[in-house]
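A.B. asks: I have a structure I would like to understand better, so I am pasting it below and will then ask my questions one at a time.
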Amino acid sequence: MKSKVAVIKTSPTAVLADIEKISLMAGLAEALPKDKPVILKDNISWHLPFPSANTTPWQLEGIIKTLRTAGYGNISAVHNNTVVTKPSQGLILNRLGPIYKKYQIPELYNFNPADIKWILYQPKSKMPALDKIFPAGIMIPEYFIGKSIIHLPTVKCHIYTTTTGAMKNAFGGLMNTRRHQSHSWIHQTLVDLLAIQKEIHPGIFTLMDGTTCGNGPGPRTMMPVEKDFILAGSDSVAIDAVAARMMGFEPMNIPYIRLATEAGLGTGIMKDIEIIGADISDVNFHFRVGHNFVSRFGHLFWFSPLKIFQKLLFQTPLIAFFILGSNLYHDKIWWTFKGKKLYRQFLNNSKWGKLFKVYTEI
């Protein structure tokens with residue numbers, strides 16, 4: 001039986017209704033048991049409100065309304081932080097916080113011990129990457145066990161994984177702030193995390209926003225491009241494959257998609273995916289990842305022979321200098337001289353930017 005991925009074109013006036021439509025088309029009701037709690041896992045790649053980098057407010061509101069209409073009553077949200085992002089600021093600037101409050105969705109932070117306890121977890125599946133990265137044992141949030149999850153990524157490129165979507169979105173939720181230690185094995189790590197998800201979650205579903213997509217060295221320093229698509233599906237590998245193909249990449253040439261397919265965790269082979277909704281056979285965004293300052297540095301120390309210095313640089317207090325450097329580059333230099341201009345153009349000239357401004361009133 002083929003995996004199913006739904007893709008439709010949408011518009012600001014129709015997007016909330018279209019999210020309900022595409023979610024049902026893609027089998028949300030079949031994928032998520034109604035007697036199990038549901039976690040919403042948004043994607044804040046950057047705390048600044050850069051278009052295409054983060055879960056959109058209409059994406060979040062649309063899936064909450066869909067769940068409520070479909071009879072899912074026990075819904076919560078789990079947020080994470082990284083060494084370079086500030087989730088509380090991101091929730092405000094990206095207009096997501098007011099939506100959670102409007103619909104009375106409880107919010108938890110996986111780095112706050114008062115919210116979530118981390119426990120040692122022994123996966124049933126083999127963990128080629130995580131066992132090597134965390135030889136003392138794999139820790140996961142206890143709260144995730146027994147609950148379904150909905151991932152809310154966007155269609156964008158990524159400097160280390162070529163594309164990022166459903167599979168990469170688990171990176172923040174299931175791993176703590178030491179997850180940067182896995183970058184040298186990032187593709188294998190994403191496969192291990194998907195295997196864990198399939199063990200602990202009764203259901204997995206993804207609603208992916210492609211209304212404004214990110215071309216270039218993502219997940220932050222990209223060129224936002226209006227494409228007006230939304231995607232949905234319960235096979236994380238398949239929806240990432242379809243998004244990759246739409247961006248102009250061959251899915252099975254991307255290691256995390258190929259490895260997950262070979263592991264039987266889903267399919268990235270296009271002929272084995274049933275695409276319903278829009279005809280995307282001729283869609284090709286011709287995206288390219290490229291490089292920025294951070295990617296050049298990262299590739300040097302994550303993937304070149306210099307990776308032998310990782311423990312010294314990234315597992316000692318020296319990491320503070322790299323966090324400072326990343327914040328300086330992204331938040332002070334790139335945002336000031338390029339990102340802010342692109343954001344203003346988005347707000348004033350894009351139909352999606354105009355919708356984004358409406359959410360300040362919620």
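A short reminder: the numbers here are calculations on the coordinates, not readings from a lab. In this text, all values refer to a predicted model and were calculated from it rather than measured experimentally. Cβ: placed from backbone, ideal geometry, glycine included. Neighbour counts: every protein chain shown.
A.B. asks: Would you compute, for the Cα atoms of the stretch 51-149, the largest minus smallest coordinate along each principal axis and list the three values in descending order, in whole Å?
C.D. replies: Cα spread of the stretch 51-149 along its principal axes, largest to smallest: 42, 34, 28 Å.
A.B. asks: Something else now. Could you work out how much longer the chain between GLN89 and MET270 gets when fully extended? Use 0.36 nm per residue separation minus the Cα distance between them, nm to one decimal.
C.D. replies: My answer for the length gained is 61.3 nm.
A.B. asks: So what J values fall out for the stretch 136-151 if you push phi through Karplus, 6.51 cos²θ - 1.76 cosθ + 1.60 with θ = phi - 60°, rounded to Hz, Gly and Pro as x?
C.D. replies: 7, x, 8, 9, 9, x, 4, 4, 6, 5, x, 10, 6, 9, 10, 8
A.B. asks: Please state, as a whole number in µm²/s, the translational diffusion coefficient that the Stokes-Einstein equation yields for the chain at 4 °C and 1.567 mPa s, with Rh defined as the Kirkwood radius across alpha carbon pairs.
C.D. replies: For these conditions, the coefficient is 64 µm²/s.
A.B. asks: Do any trypsin sites (Lys or Arg not before Pro) in the stretch 78-176 lie in a DSSP loop with no more than 15 other beta carbon atoms within 10 Å, and if so, which?
C.D. replies: LYS117, LYS124, LYS126
A.B. asks: Could you work out how much longer the chain between LYS332 and LYS34 gets when fully extended? Use 0.36 nm per residue separation minus the Cα distance between them, nm to one decimal.
C.D. replies: That pair, LYS332 and LYS34, stretches by 102.8 nm at full extension.
A.B. asks: Sticking with this one: Just to confirm a number: summing +1 for Lys and Arg and -1 for Asp and Glu over residues other than THR267 whose beta-carbon lies under 13 angstrom from that of THR267, what do you get?
C.D. replies: Cβ neighbours under 13 Å give a net charge of 0.
A.B. asks: Can you put VAL237, VAL225, VAL191, VAL78 in order of Cβ neighbours within 10 angstrom, beginning with the fewest?
C.D. replies: Going from sparsest to densest Cβ surroundings: VAL225, VAL78, VAL191, VAL237.
A.B. asks: Would you kindly give the portion of the calculated P(r) for the stretch 159-277 that falls above 19 Å, as a percent of all Cα pairs?
C.D. replies: 45
A.B. asks: Further question: If you take the square roots of the eigenvalues of the alpha-carbon gyration tensor of the stretch 112-151 and sort them as a ≥ b ≥ c, do you get rounded (a/c under 1.5), prolate (a/b over b/c) or oblate?
C.D. replies: The shape class here is oblate.
A.B. asks: Would you grab the residues whose amide H sits under 5 Å from the one on ALA278? Only those 5+ places off in sequence or on another chain, please, with H modelled 1.01 Å from N.
C.D. replies: Result for ALA278 returns VAL7, ILE8, LYS9.
A.B. asks: What are the ³J(HN,Hα) couplings of the stretch 267-280, residue after residue, when phi is run through the Karplus curve with 6.51, -1.76, 1.60 and θ = phi - 60°? Round to Hz, x for glycine and proline.
C.D. replies: 9, x, 8, 4, 5, 9, 10, 8, 9, 10, x, 6, 7, 10
A.B. asks: May I pose another question? Based on DSSP, what percent of beta bridges with both residues in the chain are antiparallel, to the nearest 5?
C.D. replies: 50
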